[in-house]
Every structure is written in C-alpha cells, then in structure tokens.
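K.L.:
Quick one: the structure is below, and I'll ask about it shortly.
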Amino acid sequence: MCYISDWPKRFLKTFVQQFTHYQVDLLVDNEAEKDYLYDVLRMYHESMNLPVLVGDLKYVINEPSRLPLFEAIRPLIPLKHQVEYDQLTPKRSRKLKEVRLDRLHPEGLGISVRGGVEFSCGLFISQLIKGGQADSVGLQIGDEIVRINGYSISSCTHEEVINLIRTKKIVSIKVRHVGMIPVKSSPDEPLKWQFVDQFISDPGEDKSSVAGLASSSGKSHKEKKVFISLIGTKGMGCSISSGPTQKPGIFISNIKPNSLSAEVGLEVGDQIVEVNGMDFSKIDHREAVKVLKSSQTLTISVVTGAGKELFMTEEERQREEYNREMERQELLRQKRLALETNKILKEQQEKEKLRKMEIAQKAAEEEERYRKEIEQIKAEEERFKKQWEEDWGHKEPPKPAKTVVADVHPPPRPKHRLDLDDNSLDQPAADDDLTGMKSEESQQGFQKYVENFDPYSVFSPDQLMGKDVRLLRIKKEGSLDLAVEGGVDSPIGKIVVSAIYEGGAADKHGGIVKGDEIMAVNGKILVNAKLDEAQATLAKAWIVGGDWIDLVIAVSPPKEYDDEMTFF
C-alpha cells in the first residue's frame, strides 16, 4: 500500500480530489471545507505532524454525522503513525451497551446529561463523577443514551428523560459511544458539537443530575410527561385543586417531601392536562381524583408552573421575580462570553492559517535550496570531468618505451645470520642460492618509464623540488599487490610504498620499489591526500578503466644499509 509520504506532489492533489469526490461528498457538502480537507492532508504530507493533522481535521469533522471521515482517511496514514492516529481520533460505536444503576445510591447515579428533543439532538453524558456508579460500570463522557428502562427516548424532552429515570429504583440505561457532546444554551441558538477532549463544562452545573442543555424549570410554562408506578407504594404524595373561574383546570396544590410526586419532578402549581390519555382540561375535581386512583401505572402530562401564582405567598412572588432577574443577567453574561469565545476562535483560526502559510513558505525555500545544491554538485562534477579529460583523457597511446637501467635498491646481503636453534651468534651467512637469486634480480632490474613526461605540467615547482619524478604504466594482470603508508596527516607527510608483494603486477613491472612516493594515480594528484583516500584511489583505478594504470612516483633515494646492520 502506498501512503501519503511516498507520493510525489503532482499525484497528491489528484488522488485526494478523487477521494473527496467518492468518499466525502455525502458527508461534507461545503466546497470550502473540501478544499480545507485537501490542504490539511497536503500539509501533513510535508510535515508528517500527526497531532496537527488530527487537530485540523476536527475543524471539518464537527458533528457526529461526519465522524466516519476519520476512518475513511485512516488508509492514507503511514503504518508507523496509525496506532497514534487511532488514539487521537474518536471511535463511534454502533454497538449498544446496557448498564444498571441504583437510583437510591447515596452518591446518586454519578452522571450529568445534556440534550433533548427540544434541542434537536439526543441525550449525551457530559460529565462523570470519578469513582461513581456510572464510572464504575464503564459509562463514558460522550456516550449517547438511547433507551431508559426499556423506553426509547428519541422523541423525549430533557425533563421527560429525567422523570423517566425517576420511575424505578434500578435504572436500566442503554448507550452507544459517539465521542462528541452537543453545545447549546437555548433552543433558539444553533446547535454545535465539541469533541470530548475539547469540552469544558460549566463550573456551576448540577453534577448530580443534568448539565448544560438542561431545561430550566420555572423560566416558561411548558408541557412535560412524568411516569409513575404506584405498585408497592403508599400513593403519589400530592394534592390537587380546581382552578378559579378565570383560570380553570386541575392543579397540583401540595407536594409531600420525599414523596413519589416529588421524585418524578412534579411541583406545586403544575397544571395536569392529561392522565393515561384522558384530557383533564375540562374535567371536574371529583372525576380527576377518580382517574388518578383508577390505575397503578400513570402517564401524566403537566404544564409546569401554569398555576404557580395561585399558590404563592407574597414572599414567594418576590423571590420568583428576583430569580427571574438573576436568570436574565446570567443569560446576558453567557451571550457576552459566547461572543468573546467566537472572537478568540477566529483569532486562533487566523493564527493557524498564518502558521500554515509560513510552513508552506519554508517548505518552498527548502526545496529551492535543495535544487540549487544539486545544480552546484552537478556543475562541480562536470568541471572536474572536463579538467580530467583535458589533463589525461585525450593523450595518444604511449609509444614503446625505451628501457633504461634503474636501481631497484635491493636490500644488502646480511653479513651475519642469527640462528636461535644452533645457539651460535658468530656463524656467517652462506646461503649461496639466495645470494645468486638476488644477484640475478639485480641484473634483470631494467625499469620501464614513459618518456617525454613533463612533471611541471602537473605539479608545482614546490611539489617537485628535490624529487626524481617519473611516470609508470603498469599492465593490469592479476592483483597490483602494492601496499602504501603515510598520508598528509601522518608524520611521514606523504603517500609512500610500504611493501611490494612477490608475483604481483607491481613486482612484475619492477619500476616501483618500497620507499617510493606515489604522487598521482590516473591523473588524480595524491600529494595532499590522506592514507584512506590514497588506498581508495588505487583500488578504484585498478578495478575500473582500461588495461593500464598510470602511476606518477618520486623515486626514493638509496639507503645506507650499513647503518642498520647489527653485529653479534
């Protein structure tokens, strides 16, 4: 599989556009967002910064319906980054998970929820108490609640869901993980979503029940449903009254503390409009009592606070007005905060845009610098090649060289021989065969050098001062079998032959001996070369090229071997 990092740039845009056409059109209908998606993938191709890529993608994948985009983009991520990519991106689960919670637990359920049908979204867990019931059974922030006590809550308001939770001691909850949380302060504002790692809850929200999107009771008269089971109880724990002529209806006039009615959220002043499908708008008090006592399971629809003023004292009325004013001030504060947050978000987006432009500019500058360096290297190679051809490439084949007598500088015959086996230090050396061999080699020591070689055309006068410089052409037969030592950075200060091995090409040629300085090989000057450079040059010259190797040497002066002899 080919990943983004392996693609040439000219293919990246075409592939991503095709990918967008087939995979993204159903999820992203905004062309500007599609262009943004291409841009962030291109920037990732250049920088390979995975956290930045995921952060940029979250600007486009900004609602649950677009979460499949993370999985669709995953094949474009290199294998070495895919594990980290999975950790940074939320995984939406299609499987439902069912848990059971004890509503009467001393610490409560341990969750806060947001959402409801009045906000055009489902109900989501927005907060967990660490170590609480919900946390211990594996619920997570960002889980969507789909069923409670067997009832689907897809069409339930926030209050109805809370009341449904209060109907049973053991609450059965089914959830699926989404990894996002709805953000909306009122039904009039547009719905937004935040990822779990980006969500910051309001510090003042009620952690024991509802958070954020919860409807505020008492703010307006609205209808809600409650579910009451009277099985095994002593009754609802409330009283009802008929309203006055100017405000007819059945109203809750009293709620006993800790009663079933109090648990499901009924309050004094709520108007009962329907019970088990029966309309209560034109019913009298006696018939209303009869209906409420006729069944062990009740589904009651009420209008919250519709008759609250009928049962309020003057002190309560003043307190209610004060609370409403405080709520109005809080709404104004939240609106100002939202405006400031949007301003900060726009500034961050602008900074991110500038950052991307800077990265793109640096990438272009780096590419231009790399191109110039390549051009410079190629120009240097061409110049060196041209210079080498001018110096060595167009010379005519050498004429048959005349033989001249040259001193091979053989080591002198030792006057004494040390024989440790015979324990004799005074026995003279008398190996006649060896002596004859050396004499024969001296007589055959005719060395071949190239005539008409002008060393001043290659080297400076300072480099040639006091040296006998000659050019040798050695036939490439077998191995060169020549060892060198020294180098410009050594005490010797030059490349010197340290050994000539018998039977090698250098030995058969006979024109180079131990102690000679090697000044150039096939046109490459080694006067200022290090040892490893000289060895590499000799090895390369012997392997590549024609059938001959050209060596420019400075002949070593004769050695006074008598100075090195030891007598016993």
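K.L.:
Counting only the heavy atoms of the protein chains, how much of THR299 is accessible to a 1.4 Å probe, in Å² to the nearest 10?
P.N.:
Probe radius 1.4 Å; accessible area of THR299 about 50 Å².
K.L.:
Can you run phi through the Karplus equation (6.51, -1.76, 1.60; θ = phi - 60°) for the range 135-150 and list ³J(HN,Hα) in whole Hz, with x for Gly and Pro?
P.N.:
For the range 135-150, the Karplus curve yields 5, 6, 8, x, 5, 10, 5, x, 6, 9, 7, 10, 9, 10, 6, x Hz.
K.L.:
Then there is this: With unit charges on the beta carbon (Lys/Arg positive, Asp/Glu negative), name the residue among SER261, VAL273, GLN246 whose Cα is farthest towards the positive pole of the charge dipole of the range 239-284.
P.N.:
The Cα lying farthest towards the positive end belongs to GLN246.
K.L.:
Run the 1.4 Å probe and let me know the accessible area of HIS177, rounded to the nearest 10 Å².
P.N.:
Surface accessible to solvent at HIS177 totals approximately 40 Å².
K.L.:
Please report, in Å, the Rg and the Dmax of the range 240-280, where both are computed over Cα atoms only.
P.N.:
11.1, 32
K.L.:
Mind giving me the nanometre distance, one decimal, between the label points for ASP532 and ASP391, set 7 Å out from Cα along Cα→Cβ?
P.N.:
2.3
K.L.:
Amide H of LYS494 versus every other amide H placed in the peptide plane: which residues, excluding those fewer than 5 positions away on the same chain, fall under 5 Å?
P.N.:
Excluding prolines and chain starts, which carry no amide H, the hits are GLY487.
K.L.:
Moving on. Loop only per DSSP, at most 14 neighbouring Cβ atoms within 10 Å: give me the GluC sites (Glu not before Pro) in the range 481-543, ordered by residue number. Can you show the working numbers first?
P.N.:
Working: sites: GLU485, GLU502, GLU517, GLU533; in loops: GLU502.
Answer by residue number: GLU502.
K.L.:
Quick one: which residues, 5+ away or cross-chain, put their amide H under 5 Å from the amide H of CYS121? H built at 1.01 Å from N.
P.N.:
For CYS121, the qualifying residues are GLY116.
K.L.:
Just list whichever of LYS130/LYS169; LYS494/LYS514; LYS80/LYS130; LYS97/LYS256; LYS91/LYS343; LYS184/LYS256 have alpha carbons separated by over 25 Å in the model shown. It would help to have the intermediate numbers written out before the result.
P.N.:
On the way: LYS130/LYS169 22 Å; LYS494/LYS514 14 Å; LYS80/LYS130 34 Å; LYS97/LYS256 37 Å; LYS91/LYS343 30 Å; LYS184/LYS256 34 Å.
From LYS130/LYS169; LYS494/LYS514; LYS80/LYS130; LYS97/LYS256; LYS91/LYS343; LYS184/LYS256, over 25 Å: LYS80/LYS130; LYS97/LYS256; LYS91/LYS343; LYS184/LYS256.
K.L.:
Further question: Got a sec to turn the phi values of the range 506-513 into Karplus ³J(HN,Hα) couplings, 6.51 cos²θ - 1.76 cosθ + 1.60 with θ = phi - 60°, whole Hz, x for Gly and Pro?
P.N.:
So the J values, rounded to whole Hz, are 5, 5, 5, 5, x, x, 9, 10.
K.L.:
First select every other residue whose beta carbon is under 12 angstrom from the beta carbon of MET357; then total the charges, Lys and Arg +1, Asp and Glu -1. Walk me through the numbers on the way to the answer.
P.N.:
Working: positive: LYS351, LYS353, ARG355, LYS356, LYS362; negative: ASP39, GLU350, GLU352, GLU358.
Net charge around MET357: +1.
The values are calculated or read from the model by the stated rules, or taken from the named source; none is laboratory data. Not measured: the values here are computed from a predicted model. Methodologically, a virtual Cβ is constructed for each residue, glycine included, from the backbone with ideal geometry; neighbour enumeration extends over all protein chains shown. SASA here: full protein model, heavy atoms, side chains in, ligands and nucleic acids out. Shrake-Rupley method; radii C 1.70, N 1.55, O 1.52, S 1.80 Å.
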